[in-house]
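Structure first, then comments.
The values are calculated or read from the model by the stated rules, or taken from the named source; none is laboratory data. Nothing here was measured: the structure is a model prediction, and the numbers come from that model. Note that we place each Cβ from the backbone using ideal geometry, even for glycine, and neighbour counts take in every protein chain shown.
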Amino acid sequence: MAERNSGKITVWRNARLATLAAARPGLGEIERGAVVADSDRIVFAGPEAEAVIPLDAEIVDCAGRWITPGLIDCHTHLVHAGNRAHEFELRLEGATYEEVARAGGGIVSSVRALRGASETELVRQTLPRLDALMAEGVTTVEVKSGYGLDRENEMKSLRAARALGEARPVTVRATFLGAHALPPEADGDKEAYIARVVDEMLPAIQAAGLADAVDGFCEGIAFSPDQIARVFDSAHALGLPVKLHADQLSDLGGAALAARYGALSADHLEYTSEAGAAAMAKAGTVAVILPGAYYFIRETKKPPVEAFRRHGVAMAVATDNNPGTSPLTSLLLTMNMAATFFHMTVEECLAGVTRNAATALGLQHETGTLEAGKWADLAIWDIDRPAELVYRMGFNPLWKRVWRGQ
Ligand code: DI6
Ligand code: FE
């Protein structure tokens, strides 16, 4: 902290804190608490009686409201064009997600729409979704590519993701998901497409500084563990961390594959085995639970939350916002689903959209808890107890959102 420019001091006082600090039990609750920020960083979060408050500080009286860390949506496909309401109607008539995908709908129809949209148009269509997340206290959001599926359009998607962070006061982490689906022009040749991901797309994206991580979709309808391993090998060679859509529709050993590569996270995980959970625990790979997709495709197999607990795997919770399987832009509702469907506790849900979500993005030293040294990313809520954030459905009690002290 020696390097810090001492700037504007802001104090949020007369508050109750859920710090989510790992060293404290439970939610790390502090009654009569205060948060002090110097410019964009927290310098104190604790009992108000212990806070050092300079005379010229800006004071915000929170009148007993609760402060949590700003929320983090650590898995989204927020940048996409158009929507798939028509496909939804087909599914209501009985078609399954896999049937729609095999019949040329699904992800590929979103690829056509994205290729037809300019970067400006993509940003324009995405901002309302980002605004909906931010209105519920989101201060960090991960955004994947994966609807471009060629170099030019994947780079356009990632530039659009970066542009979101310029257009709004929010931290954006961009993830390259070239290995998401096979584009129509690949004519069924997955090997040749993976070679393009590795030889053409990844190096260009890395050179342009457009990606913070690399993701893949390991699934029968997408790519095999061997194909994903090739993508991960080159990601690592370029110094990029990896994540994986693993075991969503079947168990191909995706969780263990992610763990083998020291992945930041493995996501979905409905079909993950006990061995997969154990491997993730050993690697410190975060389990990202995505109840929106589970709900929307009417999955019945639940992720092995109990095994994750037993093995000590950190769990995050995210919207998976995407046009095909999770057109969801509420992290509060997502927590309610995680609790109701998967029996995650209030503490697990809240840690899942703060501390553990930060770890799933490699940002655990910057955000995700109310602790000195972290960015001053706060959500201030008009509630009497933190459980209300998980309990309600379709109600937003956010009072103020603070991103990097503002
Ligand atoms: N798993 C999903 O649920 C989404 N992508 C993925 O890898 C689906 C994306 C889509 O259908 O557009
Ligand atoms: Fe996803």
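Of all the residues in the range 168-212, those that are assigned to a strand (DSSP E or B) and under 21 Å from A229 (Cβ atoms) number 5.
Look at the range 358-399 and say how many of its residues are within 17 Å of A45 (Cα to Cα), surrounded by fewer than 18 Cβ atoms within 10 Å (Cβ to Cβ) and more than 18 Å from the chain's Cα centre (by Cα). Let's see the steps before the verdict.
Pass one, the range 358-399, residues within 17 Å of A45 (Cα to Cα): 364-381.
Remaining after also requiring surrounded by fewer than 18 Cβ atoms within 10 Å (Cβ to Cβ): 365-366, 372-373.
Still in the running and more than 18 Å from the chain's Cα centre (by Cα): 372-373.
The number of residues fulfilling the criteria is 2.
Just one of (1) in a helix (DSSP H, G or I); (2) buried (at least 17 other Cβ atoms within 10 Å of the Cβ); (3) away from ligand 2 (no atom under 16 Å from the Cβ) fails for E154. It is (3).
Taken over the range 126-139, residues that are out of contact with any Ser or Thr (no Cβ under 7 Å at 6 or more places or on another chain) and buried (at least 19 other Cβ atoms within 10 Å of the Cβ) amount to 5. Quick one: would you say I289 is at pLDDT below 95, within 16 Å of ligand 2 (Cβ to nearest atom) and closer than 28 Å to G82 by Cβ? No, not satisfied. Residue count for the range 159-183 satisfying the condition of being touching a Leu at 6+ places or on another chain (Cβ under 6 Å), within 16 Å of ligand 2 (Cβ to nearest atom) and touching a residue at least 60 places away in the same chain (Cβ under 8 Å): 1.
Checking each residue in the range 251-294 for being within 17 Å of A357 (Cβ to Cβ) and of a type in the set (S, T, N, Q) picks out S265, T285. Looking only at the range 12-45, residues that are on the phi < 0 side of the Ramachandran plot and either assigned to a strand (DSSP E or B) or acidic (D, E) (or both) come to 21 in all. Looking only at the range 73-111, filter to residues that are modelled with pLDDT of 95 or more and part of a helix (DSSP H, G or I); which one of those is farthest from ligand 1 (Cβ to nearest atom)? It comes out as V111. Kindly check whether there is at least one residue in the range 301-316 that is under 30 Å from L127 (Cβ atoms), of a type in the set (A, V, I, L, M) and more than 13 Å from ligand 1 (Cβ to nearest atom). Scanning the range 301-316 turns up at least one residue that is under 30 Å from L127 (Cβ atoms), of a type in the set (A, V, I, L, M) and more than 13 Å from ligand 1 (Cβ to nearest atom).
Being surrounded by 21 or more Cβ atoms within 10 Å (Cβ to Cβ) and within 15 Å of ligand 1 (Cβ to nearest atom) narrows it down to one residue among G220, G148; which is it?
G148
Listed by first and then second residue, the pairs linking a residue in the range 310-328 that is within 17 Å of V111 (Cα to Cα) to a residue that is aromatic (F, W, Y) and within 16 Å of ligand 1 (Cβ to nearest atom), with Cβ atoms under 6 Å apart and 6 or more places separating them unless they lie on different chains, are T325/F296; S326/F296. Suppose the filter is in contact (Cβ under 8 Å) with a residue 60 or more places away in the chain and in contact with a Cys (Cβ under 7 Å, 6 or more places away or on another chain); does W66 pass it? In short, no. Restricting the first member to the range 372-400 and to residues that are over 21 Å from A358 (Cα atoms) and in contact (Cβ under 8 Å) with a residue 60 or more places away in the chain, and the second to residues that are part of a loop (DSSP other than H, G, I, E, B) and not small (G, A, S), the beta-carbon pairs closer than 8 Å and six or more apart or on different chains are D382/R65; D382/P397; I383/R65; I383/P397; N396/E136; W399/C62; W399/R65; W399/D382. A search for C-beta distances below 7 Å between a residue of the range 276-292 that is on the phi < 0 side of the Ramachandran plot and assigned to a helix (DSSP H, G or I) and any residue that is within 16 Å of ligand 2 (Cβ to nearest atom) and of a type in the set (D, E, K, R), counting only pairs 6+ apart in sequence or on different chains, returns G276/D247; G292/D320. Could we say that I205 is more than 16 Å from ligand 2 (Cβ to nearest atom), free of Cβ contacts under 8 Å to residues at least 40 places away in the same chain and β-branched (V, I, T) here? In short, no. For first residues located in the range 105-129 and on the phi < 0 side of the Ramachandran plot, partners that are among the β-branched types (V, I, T) and lie 6+ apart or on another chain with Cβ distances below 7 Å form the pairs L122/V79; T126/V79; R129/T329. Taken over the range 109-124, the criterion of being surrounded by fewer than 18 Cβ atoms within 10 Å (Cβ to Cβ) and either within 16 Å of ligand 2 (Cβ to nearest atom) or more than 15 Å from E152 (Cα to Cα) (or both) is satisfied by E121, R124. Is it the case, given these coordinates, that E142 is farther than 15 Å from D73 by Cα, among the acidic types (D, E) and either touching a residue at least 12 places away in the same chain (Cβ under 8 Å) or not in a loop (DSSP other than H, G, I, E, B) (or both)? Criteria not met by E142.
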